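Asks: So that we are looking at the same thing, I have put the structure below in structure tokens.
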Amino acid sequence: MWRAWKRSFRIDAVCTIKSSRLATELKWHRALRTSCTLREQRLLVREYIQDSLYNPETGYFTSKPISVGVLPQPLQFTTMQGRSEYTRTLGQIYHDLAASWLTPVEIFRPWYARALAQYILEQHAARKADHQEGPLLIYEIGGGSGTCARDVLDFLAKSAPAVYATMEYTTMEISASLAEKQRRRVCQDAQHAQRYKVWSGCDAARAESWGPVDARPCFILMLEVMDNLPHDRVVHRDGGWMQTRIKARRHSPSHSQSALSSQGPVATQDVLDAHHSDLEEVLEPVNDELIQRCLMALRTGRGRQGEAVSVATRLQRMVYRAIGDDSLNVEFLPTSCMALLDVLHAVRPAHRLIAADFNHLPDVSIPGKNAPLVASKRDGRTHDYSTYLVPRGDADIFFPTDFDSLKRIYTASRSATMLEGKSGRDNTPESLVSDPQVLTTRKFMEQHAIIGSTQTL
């Protein structure tokens with residue numbers, strides 16, 4: 001029952017990296033948040049998606065309240081008659097709550113968050129045994145409804161009161177409406193105001209959001225965050241990689257702008273078709289530094305086996321291209337994730353990252369490796385799109401996480417940050433500087449959760 005969809009849980013010795021959520025250059029971050037029009041310039045795919053999801057006025061996550069479901073009571077798994085009753089119960093809950101989604105930490109509350117808290121407590125105790133003093137520090141990027149923070153703090157207050165008495169739990173939340181919900185549920189309802197705070201309107205991808213560099217050991221949680229980090233689209237052509245930019249077709253610039261700025265809750269099919277027809281993908285040789293770094297990280301360290309796979313892949317690409325299928329030549333790169341990791345290594349160099357997300361998404365119709373699922377809700381029903389070129393703010397755009405790739409990107413980001421001298425890791429104990437590890441959610445939960453509490457009859 002822990003694996004409603006395929007997931008992976010990654011644990012890193014310096015951090016824990018999992019399936020369910022950044023900077024190289026500050027000028028790049030500022031560029032992402034500029035409300036530029038496609039009439040004026042061509043956008044990289046990550047810039048286009050960034051604007052669609054996070055534009056302050058019309059972004060999908062920032063312009064309106066986000067319907068993140070909150071269960072009135074925890075599910076009683078031990079009384080359910082197998083998977084069928086669990087599926088029916090969950091479907092009824094989605095209908096009753098009219099929620100866009102329920103997170104795993106919500107569906108399996110409080111057990112999911114308690115497993116995370118148990119792992120954190122074990123690692124914190126090991127650090128203390130290694131004579132590394134200091135309070136427990138937890139940061140959560142994108143706190144949803146506040147359920148994870150609430151359940152973690154509840155567990156620590158009861159199971160480790162001495163640790164709880166000095167700890168700090170901080171949520172970094174870009175959505176003002178969600179930040180208020182988190183503050184109310186954790187501080188007021190659960191009475192953890194002394195140990196908890198929310199940084200509202202805070203973008204974790206910006207180094208300045210974190211304040212001064214803090215080299216103290218800490219834990220960073222990213223649960224279902226990486227799937228909404230914008231990606232770049234690259235295409236392999238004639239032995240090299242091409243990056244993709246989005247531009248308006250010249251024949252109808254005014255129509256393109258009006259479609260791009262559509263602020264309706266969901267685009268009608270006519271608006272979507274007009275919008276898509278007025279935009280085009282333009283390929284050019286890769287010259288973006290972040291794309292170059294990401295490509296290099298993903299293709300480094302594969303050795304002889306990687307070279308053999310590369311030859312086979314090239315042959316397969318040639319065959320597919322000959323029959324008009326370009327999907328094997330297209331890849332979506334987690335460039336925004338790499339930029340976020342750059343920030344984390346620079347501002348919190350002694351962190352342990354615990355990240356959880358989907359490593360597979362069903363029914364994706366957009367061609368390409370790691371292509372996104374684009375969906376919106378209309379009249380209580382989910383509608384999928386065959387393109388990410390939807391009007392700004394009208395649809396969720398989310399990606400699967402390739403954790404083997406994430407492991408390489410994490411290591412490359414850490415090495416680059418240390419090489420450039422941006423990290424305060426010089427004084428970090430060796431026990432906190434180890435290679436990332438990857439675990440499935442099932443494996444992680446078997447080690448740290450009370451499995452019997454979520455087993456059906």
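The values are calculated or read from the model by the stated rules, or taken from the named source; none is laboratory data. As the structure is a prediction and not an experimental result, all values here were calculated from the model. We place every Cβ from the backbone using ideal geometry, glycine too, and count neighbours over all the protein chains shown. The area values use the complete protein model at the heavy-atom level, side chains included, leaving out ligands, DNA and RNA. Shrake-Rupley method; radii C 1.70, N 1.55, O 1.52, S 1.80 Å.
Asks: Please tell me if Leu90 is touching a helix residue (DSSP H, G or I) at 6+ places or on another chain (Cβ under 8 Å) and crowded, with 18+ Cβ neighbours inside 10 Å.
Replies: Working: touching a helix residue (DSSP H, G or I) at 6+ places or on another chain (Cβ under 8 Å): yes; crowded, with 18+ Cβ neighbours inside 10 Å: no.
Spelling it out, it is not the case that Leu90 is touching a helix residue (DSSP H, G or I) at 6+ places or on another chain (Cβ under 8 Å) and crowded, with 18+ Cβ neighbours inside 10 Å.
Asks: Looking only at the range 176-191, which residues are in contact with a Lys or Arg (Cβ under 9 Å, 6 or more places away or on another chain) and surrounded by 22 or more Cβ atoms within 10 Å (Cβ to Cβ)?
Replies: Gln182, Val186
Asks: Sort out which residues of the range 387-404 are out of contact with any His (no Cβ under 6 Å at 6 or more places or on another chain) and open to solvent by 10 Å² or more (accessible area, probe 1.4 Å), and write them in order of number.
Replies: Passing the criteria: Arg392, Asp396, Phe398, Thr401, Asp402, Asp404.
Asks: Do you know which of the residues in the range 363-401 that are small (Gly, Ala, Ser) and in contact with a Phe, Trp or Tyr (Cβ under 9 Å, 6 or more places away or on another chain) is nearest to Asp51 (Cα to Cα)?
Replies: Gly393
Asks: Next up: Quick check, is Ala308 assigned to a helix (DSSP H, G or I) and at pLDDT below 95? Talk me through it step by step, then tell me what you get.
Replies: Numbers: assigned to a helix (DSSP H, G or I): yes; at pLDDT below 95: yes.
Criteria met by Ala308.
Asks: Name the single residue, out of those in the range 357-384 being in contact with a helix residue (DSSP H, G or I) (Cβ under 7 Å, 6 or more places away or on another chain) and either of a type in the set (A, V, I, L, M) or more than 22 Å from Ile141 (Cβ to Cβ) (or both), that is most open to solvent (accessible area, probe 1.4 Å).
Replies: Among them, the one singled out is Pro367.
Asks: Name the one entry in His275, His231 that is open to solvent by less than 30 Å² (accessible area, probe 1.4 Å), closer than 22 Å to Val330 by Cβ and modelled with pLDDT under 95.
Replies: His275
Asks: Considering every residue within the range 252-271, establish whether at least one is in contact with a Phe, Trp or Tyr (Cβ under 6 Å, 6 or more places away or on another chain) and at pLDDT below 95.
Replies: no
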